[in-house]
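The values are calculated or read from the model by the stated rules, or taken from the named source; none is laboratory data. Since this is a predicted model, take the numbers as computed values, not measurements. For neighbour counting, all protein chains shown are included, and Cβ atoms are generated from backbone atoms with ideal geometry for every residue, glycine included.
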């Protein structure tokens, strides 16, 4: 991914202790500050940096860092408290080795072992890659163990060559999975450290707590106080001496000790000033519940947080809570305190947060921590996932996110976290009301819904459609083991209820296998006369608690069954009322390793958890709710059973040439445009994407000559008109198929000339392709989510049939498998009715190369391949359209705060 060059960007990022620093390019105004940075260094550190203690060396370094970037030189500085605390530089030799750069690094005394140097190197690496640098080299004294360790711990292959007292380090800047993992691990450690004052505070101040009952600040103060917070609690109100029996102070600076977190509940116009006062006093975190901040007020609030090392939740939020015994913090204005437990909850909407907390309370599922993110200026869902992963209490994560700041970083975090705990979310914003008309097949198919679902599917996130569905699924995942697969047996005491449950399971994509004869005989032996041992198992209204328990025990012990769904209705037969039969579900230790769920058709709540000998059993009022929850559980089991997947590196990729092709085209078309056929073919060649043979023609005679050269064994060719901006050739009748002989080719070209005139800039001649399966592949570069790869059934009806699947790039081998197998047309690719499969390996390569091109080129706005012809011997694009736009995107994996 191309990063924004280091020459003009200021970002904030976290050190290992949670401190916020500003990483920015050095500039002409920095010479004095850089010189001060060096002159304040100890003699020991100066010697390690310059190999001697020399003021002249410091002056030269300051002058070099202060010059404008260019001629292969870049310098980045890390600032804290308005002072430079670290400098990283690189210099290339443009004449000899423009792809290799010499680097230097220095960190001020007292700032070592906090990750300053490593953070600067990560940003320098990103900037260097964007300029085509592939290798860093560095000279260091052999005794400079700290610097050598920084290079070794980057996650890149650092080679050392000892030359007397010096060491020559060579560091290839490969964008490897090991390097990204190392960056993530450092980022997580820093993130958790920065969140500790927020979620494990020892002292809290509520700023804006009022005397008036019903005010938000007073409600927050009340909840913190009555929630038995274990630390110190203060109120800040210039007009009161105490509120709710809690000592009040006129200002933050008047407090007897520095709070870890300040809760701000003042009018919008006063938020930024309070934040600045908090920062100057040394507060480490802010929770801003105030709403209605305008752009200027928002900017001032965030600037105060960045300048003073404060993490920020909000503004416009419900608050946060942490139920750990050592904290017991409820800094929300919700009506009730959350019960302690193991469910982590993060939401943007306060209303959704209240609904989730209420639903979890009704289920008896306690909360480990709750954060209402509000307008999400800083702390995000990604932060909370990393906190839950590290804090050791959370085993179920519930998210409601209306937006994503960095979806690719979120996806990597979620892929890791969801292997340790389920992550559930509500897929909000599914409709496409007001969607603009798309310019290509790809853009037409790439809806926001498809993009979000691709993110959730790749990250292993369980996405539900509604809050009730999320709670229904949470009840099952919290209380039951995962089913090994999706084979379900329905057991009922009423045939009609069993049919409803079986229909719901089938509609949810679950399998209801017939029971083996031996198992069926065992069931009939313990069930009442008249029972049926099919699937559903009809135990009849006469079944007793003991008989039902025996039936369930035998089903649970069978290896061919993954889960049992028990649908019960109240009866008075044989004294076995509904409540009595429920005991059969809850007193069966033999079923400990089997998933079990119940449907109680006359239950008056949507879902509840029944206490049992081995935990709890979810009971649903509606068979469809139970089936949906089981389907989500089965899908999670399938996701966990898969290997994580790797991003393959196809052979023959020429990224540098591909970027050069894109840059040259955008120089000629600074506003962006669709590529002409020749540039399109050149770009595809850089990535080894197969395109059917073709020729560009501009006259009738050229068309005839090209047709004679390209015609296949049957002598037939295709003629396609072209002009800038033409996307849908069929709709414009800009294509003639099945042309044979000079006369037909001439007639077709004349037809184009007569209808399109000066609009047409030329035409493309191709051989008529053999019969095969027509597929569709495409790319849309989403400004937030990055490149989305689409695949499915192609041809002229691709938008009508909408048989597509999508995944976000870069594609792993598992993602490619999902893309190929997800569309309804997948069985055609695998062969049927005596025909063999298409070239599946070639199809995989096609998608991987498309993914690589999309990942390399953020300028690639759209790519449209339709049709892609799939044959047993090869896969070839018959038509390709690519649109470029002049844009760069930040490195999505670079450590930075929002």
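Taken over the stretch 10-35, the criterion of being without any contact (Cβ under 8 Å) to a residue 40 or more places away in the chain and either surrounded by 15 or more Cβ atoms within 10 Å (Cβ to Cβ) or in contact with a strand residue (DSSP E or B) (Cβ under 7 Å, 6 or more places away or on another chain) (or both) is satisfied by 10, 31, 35. For residue 810, the conditions (1) part of a loop (DSSP other than H, G, I, E, B); (2) more than 22 Å from residue 657 (Cβ to Cβ) all hold with the exception of (2). Listed by position, the helices (runs of 4 or more DSSP H) contained in the stretch 484-557 that have at least 3 residues being surrounded by fewer than 16 Cβ atoms within 10 Å (Cβ to Cβ), out of contact with any helix residue (DSSP H, G or I) (no Cβ under 7 Å at 6 or more places or on another chain) and free of Cβ contacts under 8 Å to residues at least 12 places away in the same chain are 517-526. Scanning the stretch 86-102 for residues that are touching a strand residue (DSSP E or B) at 6+ places or on another chain (Cβ under 6 Å) and surrounded by fewer than 23 Cβ atoms within 10 Å (Cβ to Cβ) turns up 89, 91, 92, 98, 100, 102. Residues that are assigned to a strand (DSSP E or B), in contact (Cβ under 8 Å) with a residue 24 or more places away in the chain and within 30 Å of residue 671 (Cβ to Cβ) do not occur anywhere in the stretch 833-853. Taking every residue in the stretch 657-674 that is loosely packed, with under 15 Cβ neighbours inside 10 Å and pairing it with any residue that is in a loop (DSSP other than H, G, I, E, B), at least 6 positions away or on another chain, the pairs with Cβ-Cβ distances below 7 Å are 670/886; 672/885; 672/886.
Scanning the stretch 297-333 for residues that are farther than 30 Å from residue 79 by Cβ and buried (at least 20 other Cβ atoms within 10 Å of the Cβ) yields 318, 319, 321, 322, 323, 329, 330, 331, 332, 333. Listed by position, the strands (runs of 3 or more DSSP E) enclosed by the stretch 293-383 include none that has at least 3 residues that are in contact (Cβ under 8 Å) with a residue 40 or more places away in the chain and not assigned by TED's automatic domain parsing to the domain that holds residue 205.
Determine which member of the set 743, 763, 731, 747 is in the same structural domain as residue 697 (by TED's automatic domain parsing) and touching a residue at least 24 places away in the same chain (Cβ under 8 Å).
763
Of all the numbered requirements in (1) over 21 Å from residue 129 (Cβ atoms); (2) under 22 Å from the mean Cα position of the chain (by Cα), residue 870 misses one, and that requirement is (2). Within the span defined as the stretch 420-434, one or more residues are modelled with pLDDT under 90, surrounded by fewer than 22 Cβ atoms within 10 Å (Cβ to Cβ) and either out of contact with any helix residue (DSSP H, G or I) (no Cβ under 9 Å at 6 or more places or on another chain) or assigned to a strand (DSSP E or B) (or both). Scanning the stretch 683-722 for residues that are under 40 Å from the mean Cα position of the chain (by Cα) and surrounded by fewer than 16 Cβ atoms within 10 Å (Cβ to Cβ) yields one hit, 693. Under the condition of being touching a residue at least 40 places away in the same chain (Cβ under 8 Å) and assigned to a loop (DSSP other than H, G, I, E, B), the residues counted in the stretch 237-266 number 7.
Residue 124 satisfies every condition listed in (1) farther than 25 Å from residue 648 by Cβ; (2) at pLDDT 95 or above; (3) not in a helix (DSSP H, G or I) except (3). On inspection, residue 105 does not qualify as in a loop (DSSP other than H, G, I, E, B) and either in contact (Cβ under 8 Å) with a residue 40 or more places away in the chain or over 22 Å from residue 19 (Cα atoms) (or both). Taking the listed residues 753, 708, the one that is modelled with pLDDT under 95, over 29 Å from residue 875 (Cα atoms) and outside the structural domain of residue 870 (by TED's automatic domain parsing) is 753, with no other qualifying. All of (1) buried (at least 16 other Cβ atoms within 10 Å of the Cβ); (2) touching a helix residue (DSSP H, G or I) at 6+ places or on another chain (Cβ under 6 Å); (3) over 30 Å from residue 413 (Cβ atoms) hold for residue 616 with one exception: (3).
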